[in-house]
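Below: one structure, written as structure tokens.
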Amino acid sequence: MVELKIKKVWLDRRVAGTAPTRLLLEKLEGRPVEIVETAETVRRAIRLAPDPVGESKKHLFVTEQKSFIRPCPCSPGCVGCGYWTIDLDLNCPFDCSYCILQKYLDCQPLTVAVNLEQLRAELDEFFSRRPAGIMRVGTGELADSLALDELTGHSYFLVESCRRRDGFLLELKSKSGLPRALLQIKPAGNVILSWSLNPPQVIKGEEKGTACLEERLQAAAEAVRHGYRVGFHFDPILHYPGWRQDYERVVESIFRRIPVDAVVWISLGSLRFPPDLMPLARRRFPDSRIYEHEFIRSGEGKYRYPRPLRLRLYGELAGMFSEYGAGDRLYLCMESVEVWREFTEKIKRGRRNSAFPFPWQC
Amino acid sequence: MVYRNIKLVDFNLDDRRYRFTMNPADRRLLRSVKEVGVLQPVVIVSRHSRPVLVDGWRRVEAALTCGLEELPALEVATTNDDLAVFLLAFFGNYGQRTFSLAEKSLAVRKFYEFRLQAVDLIERILPLLELPPERRMLDLMLEVSVLEKRFLEIMHRRDWKPVTAELWLDFSPAERTWLYPLLERLTHNQQREVIENFHSLQKKIGRSLAELAREGELAGLIDRLLKGESGAADCLLTAIRQANSPLLSRINKAIGEEIKRLNLRGVTLDYDRSLEKPTLCLTLEAGELKELRQTVKSLSGSLGSGGWHRLFELLHYEGE
Ligand code: SF4
């Protein structure tokens, strides 16, 4: 599991004396603890470090959230997948060179909310809606769903809160291993554990601190053996010399361990980022080559690979998955209507299956 | 503060410890000083028994140019330390105009050298300068402040933003020296683009700027730019952009050739050069019905040719 490098714990005064906070502190014995009024005090300390982003991952802020659930904003001009996010933790102990949170979170420390009773109430209200189709909800937008789990035990709470809620799928998305807690409870049919995957050398070079591919796949296989269904995210797919063979090997290794029926969805998304991430990431990851590529500035202002290349990446990966009968589990993440259209057309024509609208709705 | 007139010869103008502004005296100021002299007192402080200028560099420059002998001055008590005096210089200018990045860097350097704590610099001064209150920005400003004077001047004149300065610092001193004469011939936007594109091209292909510049097309264009040929700057930019974007350049070139081959009269074809939208936009131009009929007829006649097919294939091209 993740080795946490937390050097200081900051407690929001409002939750300083609560039972969940005390429990957390027991697991963080030996670290200096300071009680503060707001997160701003922590952010100030972080801003003074030479590498504020790296520093933010070494400070843990225990607090309460005002509200947890919101619709995923997707990206303007892209086809949204109707995802809902739960902002239970913010920031992530891992350090990926392409991570948008580097820019997005502005010196926010690793933040853990402990007012789970409020989340339970929000979830109850959320589940009381009767959606027409399936609604997906997950914690992996502003954090890694499982990276802090040994500390927080949030996955256990979430699985139990979402169990048997028809019409809803809870996704816990991660680049870490499998928390023991999830193996100690009965799996829930509507809980999907998912892993973001990339070839081993990409993980080694660009995803600092995360579990290696082997560990992620073993975790997924163990989850499936225990009775969970799983998902995979190929996001961001990176383009570099030899990418095809590398990704082919990853796809092969998935199905060597995991039966296709246990896979609920597979998302494909290629590298994209806002322009101001580039100088920051280049500075933080001087050995990374991912920003030295041909990009276009898309309608929503982000840099992306040119469309012909994105289509090639998606098309090739779709072909690889179809070999294993998993072509119908695919969907694109944050892509334009044009790319969706061309991608699904190709899938329909070439592989006789359709990924549109979305695999979990079919 | 004490008000008095001071002789220009008494100033120690070599002592520029409080100077961070970079604008020279302009024609308007020179004319006004010539006509009515310096009205607004400059600010001075005595150091080593000689008056040192705190604020009013442009006025002093204008007075010298106009041959004045003395100036009105407000003298700050000598007991004030350099930091306190510099705060006067800083706030004397603050709010009158926006500082350039080069001036901001010099101000930050002064505060730093006058021992303002890093935390105060980050939390109090950087926001005043509209810079993010982060350690990294402080470090960047300190790095910029010690660049060669000619580089600071070009940054000042062309109003660079921090990201451009950061890329600039990423070039080696030899590369900066090589780039400098090119930049001098470019506008603000062109400078930014040339720096960004050269930076990224160099990173992509892993060769030095000098090597890149010796290569065929670029070498010729750089030569033309240095000779002051009009239009050379735009051509150079197009060439570096294309070198940075080989896939799109190739497809766009092929599309351009197909459009030319179609040789349509009265019809303009346009499309999204980034190829995000794989569609063509056709504009028909006609002054009268007869002309429109002819245009439509020749357009529909052309549809049978393979050109249109190739054009759409290119728009939908999928590959590396
Ligand atoms: S695991 Fe996800 S959230 Fe964490 S650093 Fe990587 S991309 Fe960012």
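The values are calculated or read from the model by the stated rules, or taken from the named source; none is laboratory data. Model, not experiment: these values are computed from the prediction. Here the Cβ is made from the backbone with ideal geometry for all residues, glycine too, and neighbour counts use every protein chain on show. For the accessible areas, the whole protein counts, side chains as well, though only heavy atoms, and no ligand, DNA or RNA atoms are used. Shrake-Rupley method; radii C 1.70, N 1.55, O 1.52, S 1.80 Å.
Structure values in brief
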item	result
Distant alpha-carbon pairs in the range B:29-71 (separation over 12 angstrom), percent	57 percent
Heavy-atom accessible surface that B and A bury in contact, both chains counted, 1.4 Å, Å² to 100	2700 Å²
Shielded residues, the range B:197-217 - accessible-area loss of 40 Å² or more between chain alone and all protein chains, probe 1.4 Å	B:Lys203, B:Lys204
Centroid-to-centroid separation of the range B:70-112 and the range A:304-336 [C-alpha atoms, Å]	59 Å
Under the Karplus curve 6.51 cos²θ - 1.76 cosθ + 1.60, θ = phi - 60°, whole-Hz ³J(HN,Hα) for the range B:225-232, x wherever Gly or Pro sits	5, 5, 7, x, 5, 6, x, 5
³J(HN,Hα), Karplus 6.51/-1.76/1.60, whole Hz, each residue of the range B:255-267, x for Gly, Pro	5, x, 5, 4, 4, 4, 5, 5, 6, 8, 9, x, 10
Accessible surface of the range A:136-260, 1.4 Å probe, proportion on carbon and sulfur as whole %	48 percent
Antiparallel DSSP beta bridges within chain A, as percent of all bridges there, nearest 5	25 percent
The protein assembly as shown: radius of gyration and largest Cα-Cα distance (Dmax), Å	31.1, 93
Share of carbon and sulfur in the accessible heavy-atom surface of the range B:1-97 [1.4 Å probe, %]	50 percent
Evaluated at q = 0.09 Å⁻¹: base-10 log I(q)/I(0), Debye formula over Cα of chain A	-0.49
Residues with amide H under 5 Å from that of A:Leu169, placed H, sequence gap 5 or more	A:Met135, A:Arg136, A:Val137
Rounded percent of accessible protein surface that carbon and sulfur make up, the range B:171-320, 1.4 Å probe	53 percent
Rg to Rh, two decimals, where the range B:1-97 supplies the alpha carbon set and Rh follows Kirkwood	0.94
Local net charge near B:Leu30, Cβ-Cβ under 13 Å (Lys/Arg +1, Asp/Glu -1)	+3
Residues whose placed amide H lies under 5 Å from that of A:Cys333, excluding near-sequence neighbours	A:Leu268, A:Gly269
Hz values of 3J(HN,Hα) by residue in the range A:85-101 - Karplus curve (6.51, -1.76, 1.60), Gly and Pro given as x	10, 10, 8, 8, 10, 10, 6, 8, x, 6, 9, 8, 5, 9, 5, 5, 4
Per residue accessible area in Å² of the protein assembly as shown, where ligands, DNA and RNA are left out and the probe is 1.4 Å	46 Å²
Under 5 Å, built H, 5+ apart or other chain: amide partners of B:Ile6	B:Leu71, B:Ala73
Positions from the range B:272-320 whose accessible area shrinks by 20 Å² or more when the full protein complex is built, not the chain alone, probe 1.4 Å	B:Ser274, B:Leu275, B:Glu276, B:Lys277, B:Pro278, B:His316, B:Tyr317, B:Glu318, B:Gly319, B:Glu320
At least 50 Å² of accessible area lost relative to the chain alone, listed for the range A:283-298 with a 1.4 Å probe	A:Arg283, A:Glu292, A:Glu294, A:Ile296
Hydrodynamic radius by Kirkwood, which averages 1/r over all alpha carbon pairs of chain B, in angstrom	24.5 Å
Helix-only [θ]222 nm of chain A, DSSP H runs n ≥ 4, -39500 (n - 2.57) each, per residue, nearest 500	-10500 deg cm²/dmol
